[in-house]
Amino acid sequence: MTAQAQAKPTLVIAGAEPSASVLPADIRVSGLAKTFGGAKIFADVSFALPRGEATAIVGANGTGKSTLLRCLIGLIQADAGSVQVLGTEVVGGTSPALRAMRAQMGLVSQKHNLVPRLSVLSNVVQGLLGKHPGIRHWSQSFAPATSREAAITALEKVGLAHLASRRADRLSGGQSQRVAIARALVGRPNILIADEPTASLDPAAGEDVMELFFSLARQEGVTVIFISHNIDHALEYGDRILGLADGTMQLDTRASTLSVKDLRGLYD
Ligand SMILES: Nc1ncnc2c1ncn2[C@@H]1O[C@H](COP(=O)(O)OP(=O)(O)OP(=O)(O)O)[C@@H](O)[C@H]1O
């Protein structure tokens, strides 16, 4: 299959895999559309993500990958369509319903988003705020012992328990991203969402973070959806690839059936 052929509408198979509609899905998107100020970002986007699978979203800059993730989390409202996450309808969902849904998710972003002046342990404790809103989970010193212990366990999983008391702004980029992974995992989420988790890391640190992130996600049986500009990462770590181009989902297929060359077609 050539790169050019893969990205052309004749090969669009979004939503067409029989398995996508029959497997239990943690995320179901149907007919999703989003505009900003009248400019179409994407329309008619449909897919289903089976439980326990990792899905990579790929596509050129500005095609709407982050916007799509934000619509899934309910941080921005789609203009049309439906998004069901763990049984909750996100489009038009109430704030309490969206908060309860997000409490079952872990988020990792490219900028780590740690609170710089707080300790590593407090940052990880804050990963429990979705499940336990309120001041007790702002800092490890207010948190109940069970939460502190959960945070230490999460730090052990990413190999950083020995840095629990270090301030977050005294970490390297790779260490920060590991702490962000611990924070995402501490609440035992059902879904992990990562927006370019290695974008700010050098290649070796990026590789380490991807290995760690996916080995932990697989151990926990978590459904993962991640954006990557690294085609090798998308193919290596994604069970499935979603490709956005020209305002539609041009690609929705198993990673094992694709090559680097196929995916480059999305960037032409
Ligand atoms: N809040 C917003 N208001 C207006 N336009 C926005 C907003 N957020 C994103 N956009 C626009 O929507 C388009 C898609 O942006 P988005 O960040 O989703 O793309 P992306 O595929 O994630 O890009 P990249 O790969 O560069 O991160 C861009 O043209 C962007 O400028």
If each K or R counts +1 and each D or E counts -1, the residues other than ALA60 whose Cβ falls under 14 Å of its Cβ total -1
Two pseudo-spin positions, 7 Å from Cα along C-beta at THR153 and at GLN219, lie apart in nanometres by 1.1 nm
With Rg from the Cα atoms and Rh as the Kirkwood inverse mean 1/r over Cα pairs, the stretch 97-167 has an Rg/Rh of 0.95
Ranking VAL91, PHE214, THR35 by how far each Cα lies towards the positive end of the charge dipole of the chain (+1 on Lys and Arg Cβ, -1 on Asp and Glu Cβ), the top one is VAL91
If the chain between ASP44 and LYS261 were fully extended at 0.36 nm per residue, the gain over the current Cα-Cα distance would be 75.5 nm
The answer for the net charge of residues other than LEU155 whose Cβ lies under 13 angstrom from its Cβ, with Lys and Arg +1 and Asp and Glu -1, is +3
Filtered pair list for the chain (Lys only, Cα < 18 Å, 8 or more apart or interchain) has a length of 4
Using the Kirkwood formula on alpha carbons, the hydrodynamic radius of the chain in angstrom works out to 19.0 Å
Label model pair ASP232, THR88: point-to-point distance (7 angstrom along the Cα→beta-carbon line) in nm is 3.8 nm
If each K or R counts +1 and each D or E counts -1, the residues other than LEU212 whose Cβ falls under 10 Å of its Cβ total -1
In the stretch 173-237, the chymotrypsin sites (Phe, Trp or Tyr not before Pro) that sit in a DSSP loop and have at most 13 other Cβ atoms within 10 Å of their own Cβ are none
For the stretch 173-268, shape from the Cα gyration tensor axes a ≥ b ≥ c, cut at a/c of 1.5 then a/b versus b/c, turns out prolate
Per-residue ellipticity at 222 nm attributable to helices in the chain (runs of n ≥ 4 DSSP H, -39500 (n - 2.57) apiece, nearest 500 deg cm²/dmol) works out to -9500 deg cm²/dmol
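Here, each number is a calculation from the coordinates, and none is a lab measurement. As the structure is a prediction and not an experimental result, all values here were calculated from the model. As a convention, Cβ positions derive from the backbone with ideal geometry for all residues, glycine included, and neighbour counts pool all protein chains shown.
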